Amino acid sequence: MRLRIVLLAAAIAALTFGSADATVRITDDMGGLMTEYASRFAAVRESGEKVVIDGPCFSACTMLLGMLPREQVCITPKAVLGFHAAWNFDDSGRRVTSASATRALYDIYPTRVRSWITHRGGLSPQMKFLRGRDLAAIYPMCNGTARPAATTRARHRGRHPVRSIEYSASARSAR
């Protein structure tokens, strides 16, 4: 049922937004509801906008990996992807892992990303970070950026209120 809702939302979003010659720059995206990200990335896929991952892209933000063609995405040395199991709130307000949503999330990812996740124990409540050389082996570096010299640890800021997807000036004028 959830997957149907995600697909319906994605289809509506794809029909709603027009094409724009722009770049989407992800700099500090901590994630959110899978349905919202499915709609957002369906629109980006349809527009053909290039996506530059230039900072943290955690949780539902990582859905772009399976929703966009590889050639539409590039990374910078600051890119960090964070993966974890999907969850909901129970009746008492506590987080509980959703096996069906976690499976749907895992199934969205391309084979190489799923393999990376599987080799690290699968999606779990603990965040797993893909960055540096491991990430550059899967996704191309953006033009003009150097390949990461080594895998480094980014500081995990825990709960962060900022969910930022920046658009270039040409994208703003196209909206």
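The values are calculated or read from the model by the stated rules, or taken from the named source; none is laboratory data. Keep in mind that this is a model prediction, so the values were computed, not measured. Cβ: placed from backbone, ideal geometry, glycine included. Neighbour counts: every protein chain shown.
Could you pull out the residue among A9, A14, A42 that is farther than 21 Å from C142 by Cα, part of a helix (DSSP H, G or I) and at pLDDT 50 or above? Step through it out loud before you land on a result.
Details: A9 fails: at pLDDT 50 or above; A14 fails: at pLDDT 50 or above.
Unique residue meeting the criteria: A42.
Which ones in the stretch 60-83 are crowded, with 23+ Cβ neighbours inside 10 Å and polar (S, T, N, Q)?
T62
Taking into account only those residues within the stretch 84-131 that are charged (D, E, K, R) and at pLDDT 95 or above, which is surrounded by the most Cβ atoms within 10 Å (Cβ to Cβ)? Steps first, please.
The initial filter retains those residues of the stretch 84-131 that are charged (D, E, K, R), namely 90-91, 94-95, 103, 107, 112, 114, 120, 128, 131.
Those still in the list that are at pLDDT 95 or above too: 103, 107, 112, 114, 120, 128, 131.
Values: R103: 14, D107: 10, R112: 13, R114: 17, R120: 14, K128: 15, R131: 20.
Here the answer is R131.
At pLDDT below 95, within 21 Å of I75 (Cβ to Cβ) and surrounded by 11 or more Cβ atoms within 10 Å (Cβ to Cβ): does that describe A154?
Values: at pLDDT below 95: yes; within 21 Å of I75 (Cβ to Cβ): yes; surrounded by 11 or more Cβ atoms within 10 Å (Cβ to Cβ): yes.
Yes: the conditions hold for A154.
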